[in-house]
Amino acid sequence: MNIRLTATTVEIELSWDERLWACHLGQVISVPLERITEVFVECPMLPWYALRAPGTAIPGLFVAGTFYTHQGREFWYTTRQSPCLILSVVDEYYKRIVLSVENGSDLGDRLKQLVHSQKA
């Protein structure tokens, strides 16, 4: 997974195997910075009541795909080995995006700064 930050968007580029596991047809998920309301770095658990449609999940090890929760449609691509970057989004296809990233704290800090500068 490659995450690119531009002056106006966050672009999440999925490799072919990530798209396969997530059952996601598109290669890039693009989110305008102005639509991001919150940025977190933590290790969340997928709620037991989440409806997977479509995607892949091995509880405790791997979660990939589109899930429906009380917050709405969410995109998850997580493994248990790294912290997760969580983006809360308004007025977009996904209401929340949860991604395992190696440099989660650094990326989260940079993203928070970009989002804050968009709102200022």
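Distance from the Cα centroid of segment 1-26 to that of segment 87-120 is 14 Å (rounded to whole angstrom). Given R0 = 25 Å, the distance between the Cβ atoms of residue 52 and residue 103 translates into a calculated FRET efficiency of 0.35. By the count of other C-beta atoms within 10 Å, a proxy for reagent exposure, 84, 23 are ordered fewest to most as 23, 84. Given the DSSP H assignment, sum -39500 (n - 2.57) over each helix run of at least 4 residues in the chain and divide by its residue total; what's the result at 222 nm in deg cm²/dmol, nearest 500? It lands at -6000 deg cm²/dmol. By the beta-carbon count within 10 Å of each Cβ, the least crowded to most crowded order of 34, 102, fewest first, is 102, 34. Since only 10, 90, 115 are under comparison, the one whose Cα sits farthest along the positive direction of the charge dipole of segment 2-119, derived from C-beta charges on Lys, Arg, Asp and Glu, is 90. Full extension of the segment from residue 16 to residue 34, taken as 0.36 nm per residue of separation minus the current Cα-Cα distance, would add 3.6 nm.
Quick one: angle between helix 104-119 and the longest Cα principal axis of the chain, in degrees between 0 and 90, rounded to 10, please. The two axes meet at around 50 degrees.
Each reported figure results from applying straightforward, stated rules to the coordinates on display, with no laboratory input. In this text the structure is predicted, and so the values were computed from the model without any measurement. Methodologically, a virtual Cβ is constructed for each residue, glycine included, from the backbone with ideal geometry; neighbour enumeration extends over all protein chains shown.
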